[in-house]
Each structure stands twice: as C-alpha cells, then as structure tokens.
Amino acid sequence: MKIHRAVLARFVDLPPEIVDSPRGLRDLLDDLGIEVKRLDGDVLTLELLANRGDHHAYLGIARELAARLDTPLLCPPLPPLRVVAPARFTVESSLCLSYSLTPLAGTGGAELPAGQRLALEAAGQSGNTAPVDATNLANLELGQPTHAFDADRIRGRVRVRASRPAEQAWLLFTPEPRTLPAGTLVIADDEKILAVAGVIGCEESKTTAETRQILLESATFDPVAVRLASRALGVHTDSAARFERGADPDAVLDGAARVADLLEATGAWARTGPTEFWAAPRPDPAPIHLSGDEVRLFLGLDLPDTQIARVLGALGFAVSPGFSVRVPARRRWDVTRPADLLEEIARIIGYNAGPVALPPVALGSQPTPGERRRDQVDDVLVGLGFYEVITDGFHARALSERLGLPTGHPLAVHVETTNALDRGYSLLKNSGVQQAIEAVATNVRARVLELKLFEWTRAFHPRDPAFDRLGATERPLLWAIATGGDRAATWAGRPRPADTSFVRGLLDELSAELSVPLAAGPIEADHRLAAVLHPHRRGAVRVGDRVIGAFGEIHPAVLASFKIKGVRPVYLEIDADPLLSADSRRPPFHEPPTWHPIERSLAFTLPARFESARVDQVIDLAAPRWLERRWISDRFEHDGLSTLTWTLRFANADNTRTVDEVNAAAERVIAAVVGELGPHGVKLR
Amino acid sequence: MARPDVPALVAAFRADLANATDPTQLDVVRRTHSGKNSPLKLGLRGLRDVPADDRPAVAAEINAAAEAIEVEIAAAQGQLEAVALEARLDAEWADPNLPGVATGRGSRHPLSLVEDRCLAVLRRLGFERVDGPEVEHPFYNFDALNVPEHHPARDAQDTFWVTDGFLLRSHTTSVQARTLETRRDLPIRIASAGRAYRNEAVDATHLAMFHQLEGLWIDRGLTFAHLKGILAFLATELFGDQRIRFKPKFYPYTEPSVGVDLACRLCDGAGCEACHGAGWITILGAGMVHPAVFETFGFDPNEVSGIAFGLGTTRMAAQWAGLTRVKALYEQDARVMRILHRGAP
C-alpha cells in the first residue's frame, strides 16, 4: 500500500519531529509493525501485516499512531444518512454479512478537489470519474470498500446470491464474459451479474462519464467467500484484499456516507433517496478478561492499569473495570483471546521497550552420536577432495526417464507433486543418482572433468499406509560421485582414475575414521542401483551381513542418455541411518613391535575375471596365526591375465622368528593357493 | 731400518694433499701418509732398530708428524665435504614457484557451515536438533499451527501438494508441531533445520526449495522479555555486536510475533543504498507460541509458554558467501564451489 505523508497527517496529530522527518515517521511506523519498504519523497510504500485488514486504510494506520503518541484520532466528518430497510435489494446468502445501497444522481463531469486526489495519486488510483474516485478514496481513507453501479443499467431487483452453474459474468477490464465457479457470491439483477461480491464489478453495470444515476453499494462479505472467489478468478483487487482479512461490519454506513459526502462536495452529485441497509444478526462476542498483573508480568514492565486501559481504549477496545475488554467490530477477526490483547499492548508500548532477559539455562547440549559421525564422514570426504552440494528435493520427470528403466523398477517409482508450477518439480527424488549424474553432465558441459561431489539428502518412496500421518517413506542417504583422477592432475603428472578402487579406498578411510567395518562385496542384481551401474564395475556396501549401499561406475548407456562423454563417473550411495548408527568397534591398541616384522611378497597370476578375493581368502586360511597383515601391493595386466602381488607381513615381536619358519609359512601359502585355485588357472608367477 | 726422514715425509704429504681435490683422492692421501703401511707408521714399528738413546726423540718426532697429518687430513676432508655438499645442493635446485601437488581438500557446503554455526550457538542454550518429514501432513504444516484452511497466511506459502493429500512442508515449523505432539517433559528445547518448499516462480531471490532453521523453547514462566533475550543472544552470537531492533510481525503460530532487524553494517541504521534506505535488515522471525497451538496438543497455555524463532539459512549462507544469486547455492557447478572455497574456479 502506498500512502502520502500529508494525507496521513489529516488523520492524526503528528508531532513536528515526526511530520517533518521522513526518517522519524518511517521508524515510528516500523516500530508499530507497519513496515515502510520504500520512501519516495512524501509517498511511503508499506508492507502490511497479513492479519491486519484495518491497516489497509489511512484511518487504521492513524489509529496506531494516535495510540502510540497519545494524540487524538481525526476522522473525516461524515454526514448523517437516512437509513431505511431494503426495498430494492434482497440478500439471499448467509455469506453476505451486511449490505446497503444509496441512490445518487448527478450531472457527471465533476472531479474531486486536488487535495482529495492526493491520496489517490499516491496510491496510483487517480484519473477516474468522480464516483469511482470517491469510492476508491473512501476505501483508502476508511478501509470500507464501496462500489458504484450505473443505476440506469440495472434491470429489476438487486440480489445478493450465489452464482448458478455455468453462470457468466463480464468482469471489469476484461474483453469478454467468463464462467464463474458455481456458488460464487455475486450481486445480480434480473438479467445479469453486476459484480462478484467484494472482488470486482462488471462491465455491464459500470459507471462511465455518461452515468447520471448511481447506486452506491457498501457492504461486508464473508472473508473466506471473497478469498475463494478472488483466487478462483485470479482477480486480486484492493477490495478483495480488504474483505479477505475481515472488514468492519460497523463501517458499512460510514463508507456510504463518506462517498456520498465526497460526491456531494463536488456540487455535481446528490443523494436522491435514503440508504437502504440490511445486516445479518451479529452475536456480541464475549468480553476478554485480562489482568494488569498479567500484562506487567508478560512485558516485564511496571505499567499502571490506567496506561494499559488507555492503550486499549485508544485502539477502540471498550475496557470495563477489572479489565473486561470488549473488542471493536473491526477487530473481531483477529482479537479473540488474552494473548491477542497482550500483543496489542506490547505493540503500542513498543517491542523495544522493557527488559531483555535470557531464561535460566543450566547446561548446554551436545551433538548426538549420529551428528558427530556425520561430521567424521564429512572430514573424510572433504579430505579426499569432495565438495558438498545440495540438490533440490524434486526433479523433472525427464530426468528419471533418462535412466531408461522399465515401469515398476524401484528407481522409476516416485512420490509425485500434483500441482507444481514448474515441470522441473514433478517427482520427488528416490535416490541421489539422477541428480548426481546430472551434476556431472552440467559440469562436463562447463568443461569441468575433474569432479568430486557429495550430498546428505533424503530419498522419498511411496508411503506406508500403516503410518497415516506420513506421506512418504523418507530415506536419508549419502551419495558421492567422482570423475577424472583420484586427485587433481598437475604439472607433476596425471593421477590414476577415480574408479571403483578409489571408492573402495574411500570406504576404507570411512571404516577407519568411524571404526565401523564397511565392506565391499558383490551386488545383488535386484538392488535398486544395479541397473544404472556398469555390470562388471560395481559392488555393494555392507556392514556385517547388511547391505547399506552400492557403488560402481555409471553404466555407459546411462551416460550416453545424459549425453556425457569423456568421463567415467563412479557413484556411491549409502543409507545414512545404518551408516550413522552402526556399532563402532575401535580396535584395541597394540604397542608397535620393537623388532622389524619379516615380509614376503608372493605374485600370483589370475585368469581373466577371476576375483582377487578368492585368492585372498585362501591365503587367509593357509597363513599362520602370526601373519600380522596381508595386502595387495602390486598389479599388472598382461596377455588378458592379471598378476597380483600379495605382501605378507609376519610378526616378529621378540626377534625369535627364523627365516626358515617364514619361508616355510610362505611355501604353505603358495601350495594352498596353487593347490586349490590352480585348477581354475591361478598360478604362482 | 734407517730412521725415517720425518720432515721429508711431511713435505711429501703436504704436496699430495695439495693435489687432492675430491674425497677419493683424499682417501688415497690418507692411506699413503697415515695408513698402517705409511712410512710414518712403518717408522714407528721400526723404532726398535733405533738406538735406545735416540728412540724417545725419534718416536716423539714421528708421533707429532702423524698427528699433524691426521689433523690436516680431517681439515681437508671437512673442506672437501663442504664443497661437495654445496655442489649437491646446487644441483638439487627446485623451482619453488611451481604449483603445489598435494591432494586438495574439498569443502562442506556454505549452508551446512551456516547451520552448524547456528546449532553450535543454540546448543549453548541447551537446544537439541530434531528432524521431521519433508512430505508432511497438512495438519502439522498448517492446521496445528493455527493456519486454518483459506486463511490468508496460506497465500504466502503456496504449497506443493503430493499424492494422497500430503504436501511438501512449507516451513520447518512443522517439526515443532510434531515435537509438541510427542513430548510432555519440560523444558522442551529443540532446533530443526532443513529444506522447505514453496510452489512459486523461481527468480533471483525466490526458490521453490530453500533452507530454514527454527527453534522452539517450551517451559513454564517464559515471558516476552525472555523472547527478546534469546533473540538478542542469537543475533549477537551469529551476526556480531551490531545494533538490533524488534518489530511487530504476523505469524499465525505465534502471538505476539516479532521480527528482528539488524542495523545495516554500512550505514548503522541511517539508511543507504545497500539496505534500500531502510537502515535495517531483517534476520529473524519469532514470537511467543500461540495459545491455540498449545491447545491443539493438550498443553494448558495458562501453565506453559513458549518461544519460537526461525532463521532463513539460505539467505544467511548467500550473504556469508557473498552471493547475489541465491540459486547458485543449489547448483552443482564445481567452479562456483571452488571459487567459494579457494577463490578461483
């Protein structure tokens, strides 16, 4: 809303330091919750609180200022109206709370005086005929929307009623009639709809420069009915904004009187009859009881009862002895309980007045074990060069379709949004893999081929009906994706690729950091990620017997679908809950040996596709208990075969181990491997 | 054996030493003139052939010469080693201007860093983090928070609906509602951080998904002064010792509702271009928990009171990172991340 400083000063006596200082007025309004977003000369652009319909008018804003400054509120003079029961209209809906029509006749051509137009100009509403200007101005001043019909274009009786199925209305400023939702509250005559109640008038009854007879409508409608109509039609007017927030049932006649006065003051218009008025019976709301002690305790301020009563009185509340407070009709929408009154008092006293105190706090809290473990995971990933990213919770259907999976595949089943404005938000993610691949595609397009990203996020799966208050099964997860080298390429040489072995290394690092035995193993074909991973470069992540994730190179067909060339991304996804809650088993500490252990290296040649784990398993069984550690220390490929070197480290803690003992142990290992796996083509090199 | 001509032997040693220019040659000199078969050592072994009267003098002369030779060899060796070391060092010159080759660290996301900082401050007040679903029941997102159907407040939160009448939470306040439903022991001090969704057109400052962090403190005897105290503490701890002000706001689930403004760092509240003339920047929304919210969950608002507050962590992260385009936080452009972390793509 835009207001003019000089117009505001007509409604409240502002002290010189306020009226002469734009900054002073701005700060004062801000302090009252009427936020000034912009100041252009004497025009202030206000951002109003969503629950304060009464602030949509000079009078409402002035009332706040008057209460704060303890100065009188200045209302424009309103001529008395001669009010009679309705004769020319009928109210046929309970959604109309009060209704009035006032007839006026005139010669046309007049306009409001310049001083009156100031408020209209500030609001960007000037330049209309006098009746339209007068109704707009009355709304700006008093917050009571009114509407002028061209009386000569009304046929028969005016009815306030619900619209009928398929009924059409030709809304103002639109090229043709449109169908209204059935049940929309409308004002109609015998032939047509004259207005959508509280929202907008219609072309076929609007006033023009030729209008000589008007029927001035001033009314109150149900806020929800106006809101629904406004949203259904996509029509947002000042009138609707006011009614949606609850208008003042007591201001209906004031609005009519103000418009009549403004028009009659032009000399071109005059009332031609009494105001016909109808109001639905309105129960008097019960008073709200509040005590001065309650106010003082809540605010921490030593406010005398008289000051509390003054503040409430200045806002229009009727305060009886003992703080029985009656709410004015204009505030019946948002003031219903003591807490509302406390807010009124606090706002007028000022939120910045009074003490500021921290409640007593005994001890702080600590991060949970899960939060600490997540930090550890972050440390490992960041240390290996990964950057954390945050992706949307949803993505486009096309992104899912690019995976090329059949209907019913777990990665093709999504929780879906039903009303997204943007098609990019159609599906809730069911894995991190779609957006991870898309992230690679985005970066490859930007010629960034070295990439390491990770994210903690949630996947959404169709709801379990057993949980009636949960709309989806939400699965927290960690994903990571890497392309290019295991480290950045430098002038010193190219790194080895970030491949499945790199991910294995990452899992080893996580295992060590978390003291959780994360193991890699074969992945089941029905794992949700199996289909998007390279069939011969993938694996499952396990804790004990439980599969908690998967890793592998993204399937070349999927890369082609995403138009990714030149990189071979490797992806890891782990369910966060089991990762963060798995038992931690830190190995016991052993003093490092005084004497050097003895090592032997054994190289075995394996046939194509022969898993090294099988050799490793035989070594493990054949080696003596004093084999301290074994690891693969070298690998090379030749003639379709691969030769792997195991280094065996034998303990020699007391320097009593003999070379013969070690050699004999190594020979037993060789014999076991060759004996068991020789038939499969494994040979000692 | 004849008596050795010690002065001649010393002179011969010095002549050889002068010609020794590397450790190998020096070693030959050492063996020739100080080794066990050197003339001086042989002279010592032949002392028994020297007349007894002369023997002490001859022995003394040989020993003195041998000692002098060893000292001079040691000195020469030190000198040669120093020269050799200097030559080696010179040969090992490395260009210190070449770029480093250590494995580069990545980084956490600015939003995570901001969340961590907020949670660290809140933990000092005893808050614990709780999470809630993002696909939410409308009851927890709206109804339980005093936002009935058709309430204008729902306008500001145009909602993503999903199947079966559920929605994507439009604020993390829904976690507060779930907490009030399940907890009874006071005090309750919880913080929830995470994603929230608004079904609106995306532009430079509006996103369909963004992050919030909210706090809720329920106890007996909490007052408006306590609300302001907590907000002032948060503002100071998170944003530094900058002037703040409280202003009335409207949130359906709090009454009174409060906004916290921070004085613009550039103009200290006077108004400048950076703050669009306002002088202040809103950083927090908060309020006393609305009695209707308590009643929904069976708490007696006459017995307990509550303080709720929320921070827009997306905006905080963007400000912290110096981003004018907030959307960049949610793009997976590695160049942006490297610029944020390392200052260069």
Residues B:Ala59, B:Ala120, B:Ala52: which one is not in a loop (DSSP other than H, G, I, E, B) and not assigned by TED's automatic domain parsing to the domain that holds B:Ile188? B:Ala59
Tell me the strands (runs of 3 or more DSSP E) entirely within segment A:221-334 that contain at least 1 residues that are free of Cβ contacts under 8 Å to residues at least 24 places away in the same chain and farther than 25 Å from A:Leu172 by Cβ. A:318-320
Where in segment A:1-88 are the helices (runs of 4 or more DSSP H), entirely inside, with at least 1 residues that are more than 14 Å from every other protein chain (Cβ to nearest Cβ) and surrounded by fewer than 19 Cβ atoms within 10 Å (Cβ to Cβ)? A:5-8, A:16-19, A:58-69
In segment A:458-471, residues that are more than 9 Å from chain B (Cβ to nearest Cβ) and outside any loop (DSSP other than H, G, I, E, B) total 2
Which one of these does A:Glu294 not meet: (1) closer than 30 Å to A:Leu215 by Cα; (2) surrounded by 16 or more Cβ atoms within 10 Å (Cβ to Cβ)? (1)
Is it fair to say A:Ala329 is under 16 Å from A:Asp54 (Cα atoms), modelled with pLDDT of 95 or more, crowded, with 17+ Cβ neighbours inside 10 Å and more than 13 Å from chain B (Cβ to nearest Cβ)? no
Tell me which of these B:Thr324 doesn't satisfy, since it passes every other one: (1) in a loop (DSSP other than H, G, I, E, B); (2) more than 26 Å from B:Leu207 (Cβ to Cβ); (3) within 28 Å of the chain's Cα centre (by Cα). (2)
Does any residue of segment B:137-155 turn out to be modelled with pLDDT under 95, in contact with a strand residue (DSSP E or B) (Cβ under 9 Å, 6 or more places away or on another chain), surrounded by fewer than 20 Cβ atoms within 10 Å (Cβ to Cβ) and facing chain A (nearest Cβ under 7 Å)? no
Mind checking which residues of segment B:189-214 are within 12 Å of chain A (Cβ to nearest Cβ), assigned to a strand (DSSP E or B) and not aromatic (Phe, Trp, Tyr)? B:Arg189, B:Ile190, B:Ala191, B:Ala193, B:Gly194, B:Arg195, B:Ala196, B:Met209, B:His211
Pairs where the first residue, in segment B:22-39, is without any contact (Cβ under 8 Å) to a residue 40 or more places away in the chain and the second is of a type in the set (Gly, Ala, Ser) and in a loop (DSSP other than H, G, I, E, B), C-beta under 7 Å, 6+ apart: B:Thr32/B:Ser38
Neighbours by Cβ (under 6 Å, 6+ apart or cross-chain): first from segment A:426-448, closer than 26 Å to A:His409 by Cα and in the same structural domain as A:Leu411 (by TED's automatic domain parsing); second hydroxyl-bearing (Ser, Thr, Tyr) and assigned to a loop (DSSP other than H, G, I, E, B): A:Gln435/A:Thr391
Of everything in segment B:313-342 that's touching a residue at least 24 places away in the same chain (Cβ under 8 Å) and of a type in the set (S, T, N, Q), which residue is farthest from the other protein chains (Cβ to nearest Cβ)? B:Thr324
Pull out all pairs, ordered by first then second residue, where Cβ-Cβ is under 8 Å, the residues are six or more apart or on different chains, the first lies in segment A:375-387 and is more than 7 Å from chain B (Cβ to nearest Cβ) and modelled with pLDDT of 95 or more, and the second is surrounded by fewer than 16 Cβ atoms within 10 Å (Cβ to Cβ) and part of a helix (DSSP H, G or I). A:Gln376/A:Glu513; A:Val377/A:Glu513; A:Asp379/A:Glu513; A:Val380/A:Glu513
Sole miss for A:Tyr351 among (1) under 30 Å from B:Gly126 (Cβ atoms); (2) surrounded by 15 or more Cβ atoms within 10 Å (Cβ to Cβ); (3) hydroxyl-bearing (Ser, Thr, Tyr); (4) within 27 Å of the chain's Cα centre (by Cα) is condition (4)
Can we say B:Leu180 is buried (at least 20 other Cβ atoms within 10 Å of the Cβ) and within 8 Å of another protein chain (Cβ to nearest Cβ)? no
Taking the condition of being under 39 Å from the mean Cα position of the chain (by Cα), part of a loop (DSSP other than H, G, I, E, B) and not aliphatic (A, V, I, L, M), how many residues in segment A:89-126 meet it? 5
Residue hits (segment A:649-662; surrounded by 12 or more Cβ atoms within 10 Å (Cβ to Cβ) and either polar (S, T, N, Q) or under 21 Å from A:Phe610 (Cα atoms) (or both)) are A:Asn652
Tell me, please, whether a residue that is within 10 Å of chain A (Cβ to nearest Cβ) and of a type in the set (Lys, Arg) can be found in segment B:226-235. yes
Among all residue pairs at least 6 apart or on different chains, which show Cβ distances below 9 Å where the first residue, located in segment B:91-115, is closer than 17 Å to B:Phe210 by Cα and in contact (Cβ under 8 Å) with a residue 40 or more places away in the chain and the second is of a type in the set (Val, Ile, Thr) and in a loop (DSSP other than H, G, I, E, B)? B:His109/A:Val389; B:His109/A:Ile390; B:Leu111/A:Ile390
Residues in segment A:472-490 that are under 23 Å from A:Ile390 (Cβ atoms) and part of a strand (DSSP E or B) total 12
Check on A:Thr391, farther than 30 Å from A:Ala489 by Cα, crowded, with 20+ Cβ neighbours inside 10 Å and within 12 Å of another protein chain (Cβ to nearest Cβ): no
Subset of segment B:100-133 [more than 7 Å from every other protein chain (Cβ to nearest Cβ), in contact with a Lys or Arg (Cβ under 7 Å, 6 or more places away or on another chain) and of a type outside the set (Gly, Ala, Ser)]: B:Leu119
Quick check on A:Ala110: is it touching a residue at least 40 places away in the same chain (Cβ under 8 Å) and among the aliphatic types (A, V, I, L, M)? yes
Just one of B:Ala87, B:Ala94 is within 14 Å of chain A (Cβ to nearest Cβ), within 56 Å of the chain's Cα centre (by Cα) and over 23 Å from B:Ala12 (Cα atoms); which is it? B:Ala94
Residues in segment B:163-171: is at least one among the β-branched types (Val, Ile, Thr) and either within 19 Å of B:Thr296 (Cα to Cα) or touching a helix residue (DSSP H, G or I) at 6+ places or on another chain (Cβ under 9 Å) (or both)? no
Checking the condition in contact with a Phe, Trp or Tyr (Cβ under 8 Å, 6 or more places away or on another chain), within 11 Å of chain B (Cβ to nearest Cβ) and farther than 21 Å from A:Val541 by Cα, which residue from A:Ala439, A:Ala420, A:Ala446 passes? A:Ala420
Across segment A:180-193, which residue is surrounded by the most Cβ atoms within 10 Å (Cβ to Cβ) among those that are under 33 Å from the mean Cα position of the chain (by Cα) and over 16 Å from A:Ala219 (Cβ atoms)? A:Leu180
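The values are calculated or read from the model by the stated rules, or taken from the named source; none is laboratory data. No experiment lies behind these values; they were computed from the predicted model shown. For neighbour counting, all protein chains shown are included, and Cβ atoms are generated from backbone atoms with ideal geometry for every residue, glycine included.
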